[in-house]
Amino acid sequence: MLSIPMNTATAVSLGPFIQAAYDQFTNAPDLVNPPEIVNLPAGFTLERTIQMSDFIIEPIGEPKLYGYLAKGGEPIQQVIAIRGTATATEWWDNLHFLPVSFDPTVKGGGNVAEGFYDIYKTLTTMDPTQQGAAASGLFDKIDPNIPVIVTGHSLGAALATLLAADMSANTPLKPQVWTFASPKVGDANFAAAYGYHSTVSWRIYNVPDVITRVPIDPFDSYQHVNAGYPIDSTGKTRWSLGCLHDLNTYISVLSDGAVPINNPCRP
């Protein structure tokens, strides 16, 4: 893993990409391949939509929009943004912390939380310009000549971590990874494999946000990936589980208040 200084401006700039994934799902939860993403940051175009399925339903549930691949900016870059938990079913999936082997995806990849991995294994993408087209994989749709960033919040941070591990280990692509409020994704062996294959990776966590401390198991087998970057929203947001974990809280603290705390969470 490369060691570079944290650039909070970069972190703040990625918040709107994740928020756009949340907004799109909230506005049209049944639309799995929207032709455009609501509130996509200016200067970027939608390249692919990303679908995954919840596993609580047997058989596996219908695909839902989890994120997208966009391209643009100056200098040009590709951004893969993945939203966090948005439904009761997804919260249930989050609570499945049984360790399972990540070896089918990354050789020597240790163990990861079952709930995160079961969702990740359903990942597909679609071309937003071709409604009704079949879903396909993601990696061969990424331009290898343009830098790629993978980012996500909460459940989306865990899925982004799995995606980056898979991409870095199994393709020539070496994405930067910027996650917010990530739970622990896997064990020490997974964290080591992730560190070995990844390049730039920042896991931003709010010190009082309890979601970043789970899963907790009797043997303390789960371990965070590097590199962690702590922030502290104490005194800057209302003291509640939701506000301490909210993406807006993270971006507001990182921006030194330039991005205001949303009204429901103002202290």
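The values are calculated or read from the model by the stated rules, or taken from the named source; none is laboratory data. On a predicted model such as this, the values are computed, not experimentally measured, just so you know. Quick reminder, even Gly has a Cβ in these numbers, built from the backbone with ideal geometry, and neighbours come from all protein chains shown. Protein only, heavy atoms only, side chains kept; ligands, DNA and RNA dropped before computing areas. Shrake-Rupley method; radii C 1.70, N 1.55, O 1.52, S 1.80 Å.
Here are some notes:
- Cα Rg over Rh - the stretch 83-208, Kirkwood: 0.96
- Axial C-alpha extent at least 18 Å, average Kyte-Doolittle at least 0.5 - helices from the chain (DSSP): 155-170
- Its Cα gyration tensor gives the stretch 120-161 an equivalent ellipsoid, and the semi-axes of that ellipsoid, as √(5λ) in whole Å with the largest first, are 20, 16, 9.
- Scaled against the 2.2 N^0.38 Å expected of a compact globular protein of N residues, the Cα radius of gyration of the stretch 143-243 reads 1.12.
- Three principal axis extents describe the C-alpha atoms of the stretch 188-267; from largest down they are 41, 31, 14 Å.
- Counting all C-alpha pairs of the chain, share separated by more than 27 Å (%): 32 percent
- Taking the 1.4 Å solvent-accessible surface of the stretch 174-267 as the whole, the part contributed by carbon and sulfur is 57%.
- If the convex hull is drawn through the Cα atoms of the stretch 143-182, its volume per residue in Å³: 50 Å³
- Hits among lysines - C-alpha to C-alpha of LYS64 under 30 Å, sequence gap 8 or more where chains match: LYS107, LYS121, LYS141, LYS174, LYS184
- Against the compact-protein benchmark of 2.2 N^0.38 Å, the Cα-based radius of gyration of the stretch 126-193 scales to 1.25.
- Amide H contacts under 5 Å for TYR222, placed H, 5+ residues apart: ASP217
- Amide N of the stretch 186-202 lying under 18 Å from the label point, which is placed 7 angstrom from the Cα of THR171 along Cα→Cβ: 194, 197-201
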